[in-house]
Amino acid sequence: MHIHQLSDQLINQIAAGEVIERPSSVVKELVENSLDAGASEIVIDLAQGGTSRIRVRDNGCGIAQEDIPLALSRHATSKIQTLDDLESVASLGFRGEALSSIASVSRLTLSTCVAGASQGWQVSYDAGVSDEQPVAHPQGSTLDVRDLFFNVPARRKFLRAEKTELKHIETLLKRMGLSYFDVDFKLTHNGKPVYHWRAVDKASEYPARLQSVCGQAFVENAFIIERESAGLKLHGWVAQPTFSRSQADMQYFYVNGRAVRDKVVAHAVRQAFGDVLYHGRHPAFVLFLELDPTTVDVNVHPAKAEVRFRDSRLVHDFIYQTLHRAIAELRPGDGSTTAPSGFVDKLHTAATRVEADRTDRSTGEYHANPRQNAIALELNDATAAYRKLYGFDRPSPVTDRGDLDISSPDISASEVPPLGFALAQLHGLFVLAQNKEGLIIVDTHAAHERITYERMKTAYEQEGRILQQPLLVPVTLHVSEREVQIVEEGKVTFETMGFEVSPSGPESIIIRQIPAILQGADVASLIRDIVSDFLTHGRSNRLETAVNEMLASMACYGSVRANRKLAIAEMNALLRDMETTERSGQCNHGRPTWVQLSIAQLDQLFLRGQ
């Protein structure tokens, strides 16, 4: 078989196979072109999930008549000219292959008009570019794509149901909408409006766009983050750890305005939330990373969905430290842990269900739930132990202020702590307190568990060294040659972490000492994970994670148990400690430690004013 040159049509279809996977890929390329053209209004009209028709209209700069033939040809663009331009790309698109690829697998019509022109121009592409025809068109461009994959039946068969394809397009536009707040986005499907995100210019109006994309609950539970260092800037919104998700469906990350997926970023975020989220839960965030375009390569993925950082270690550490510190600095009073919208309705529903369960349907007789049995305590005097733990002998600036009328207008907010003052203890499980906003409910065990855990971590870190435990029987691991090299190069690092690990052969290592606190842990798996982290990320926090897991278990067993009666002074001491403890909004397992019910929510619960 002889080598021969492929036709332009076949070349374009091969390129389309990489770039155009489904209707959402078409929408992505066209909307990116509109954004690069400086559009402030973009309208996307779909029919049958985009398989029948995709029309994107914008009010950008338009395309000059003499450039129209080039716009539909391969590797023609106005965004870059030299290699230096490619190395510092600031636009979303730059390869110049999107329109030609789309045109090769659909029936495409381009209508465009530049500023100041008396008329626009229109061309069609169907196995070739037609002649330009004059057309009435406002400034901007309209791309009309019909019958996607009509000439590639094999690709068309792999398209999903109409609703599924529409969902992919909606997800894509949400990512773009969160990056361009100053652009008006409008989406219609089969002639019906799907959503309309109006442009917002002021930062104070951003939450409106956030709410329309991520929902009201995200806005209520999110806090703003902003940090700049070493030429990197990270800013955006991060949801409270208690607002975690069962899947990673609310994670939006942008590098210089471009929505990307990156392993370095994902690993840094996972590490930052590792101490506040339990397994199987995912954080929610909208974050923007800004850095010098020359330090990031965006030309590493056909759909430009991935990037490569020149100094990935720097980026990883910057993201991790920023998020880790921001989460640690959260305190009650930062506008967090308010009962979410719809909470009152759920409470009504739950109360109705409980009433139904308590009533014997056959007799209509009401039965009270049996009282929970008290948990046997090894301590003779739980209150005395709690008093000893918190050192009540020392003077406390705020202890019992039950006589203070918090609701009085004469009492300023500064006189009332964020978690207010304790009122009572409910069933030995919850502390009820009031502040200026309303009612505070605290899970006693969860709150005390976090406080104990953070104190144990601080004490462990302040020891200044890691106590080592020699293994009675050294553990030998069979690894690759590259992993042996990592262990040999990082011998000092392993010693700093409390391990004595050394090569014992070309493809084996031997473990002779481990940190004393990890006695009984699966050391072999831990060492393998640490070496893997060094190979992939150049660093590892596996030891810190393993130690924290041990300390968390110890803190859980050492915390206040259910049915321990606490005095008002002890409850207030717990509230004050929560206000000064890092990550006190959630326990070691990621559960919330407290919740705020505002006066308005309580009014709604009792139908006041209705």
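Counting only protein heavy atoms and using a 1.4 Å probe, what share of the accessible area of the stretch 215-305 belongs to carbon plus sulfur, as a whole percent? For the stretch 215-305, the apolar C and S fraction of the accessible surface comes to 49 percent. Note that the stretch 531-537 has calculated 3J(HN,Hα) couplings of 4, 4, 5, 5, 5, 8, 10 Hz, one per residue in order, obtained from phi through the Karplus relation 6.51 cos²θ - 1.76 cosθ + 1.60 (θ = phi - 60°); glycine and proline are x. Stretching His196 away from Leu471 to a fully extended chain increases their span by 92.6 nm, per 0.36 nm per residue minus the current alpha-carbon distance.
Scanning residues 5 or more positions from Ser508 or on other chains, those with amide H under 5 Å from its amide H are Val479, with H placed 1.01 Å from N in the peptide plane. Looking at the stretch 535-591, the accessible area is 39 square angstrom per residue; that uses a 1.4 Å probe and ignores ligands, DNA and RNA.
What the phi angles of the stretch 313-328 give under the Karplus curve with 6.51, -1.76 and 1.60, with θ = phi - 60°, is a coupling list of 5, 4, 5, 4, 5, 5, 5, 4, 5, 5, 5, 4, 5, 4, 5, 5 Hz, glycine and proline written as x. About its Cα centre, the stretch 36-122 has a charge dipole of approximately 460 debye under the convention of +1 per Lys or Arg Cβ and -1 per Asp or Glu Cβ, with nothing else charged. In the stretch 52-103, carbon and sulfur make up what percent of the accessible area (probe 1.4 Å)? Carbon and sulfur atoms account for 48 percent of the accessible area of the stretch 52-103. Classify the stretch 1-90 from the C-alpha gyration tensor, please: rounded if a/c falls under 1.5, else prolate or oblate depending on whether a/b exceeds b/c. It comes out oblate by the Cα gyration axes. Cross-link partners for Lys192 among the lysines, with Cα-Cα distance under 28 Å and sequence neighbours closer than 8 places in the same chain left out: Lys28, Lys157, Lys163, Lys167, Lys174.
Summarising the amide proton neighbourhood of Val194: residues at separation of 5 or more, or on other chains, whose placed amide H is nearer than 5 Å comprise Leu187, Thr188, His189.
Sites listed here are trypsin sites (Lys or Arg not before Pro) in the stretch 547-610 whose DSSP assignment is loop and whose Cβ has at most 16 other Cβ atoms within 10 Å: Lys565, Arg608.
Solvent-accessible surface of the stretch 111-240, taken per residue with a 1.4 Å probe and all protein chains present: 53 Å². Residues whose amide H lies under 5 Å from that of Val183, counting only those 5 or more places away or on a different chain, are Val200; hydrogens are built 1.01 Å from N in the peptide plane.
The values are calculated or read from the model by the stated rules, or taken from the named source; none is laboratory data. Note that the structure is predicted; figures quoted are calculated from it, not measured. Positions of Cβ are backbone-derived with ideal geometry, glycine not excepted, and every protein chain shown enters the neighbour counts. Accessible surface is based on the protein model in full, side chains and every heavy atom, while ligands, DNA and RNA are left aside. Shrake-Rupley method; radii C 1.70, N 1.55, O 1.52, S 1.80 Å.
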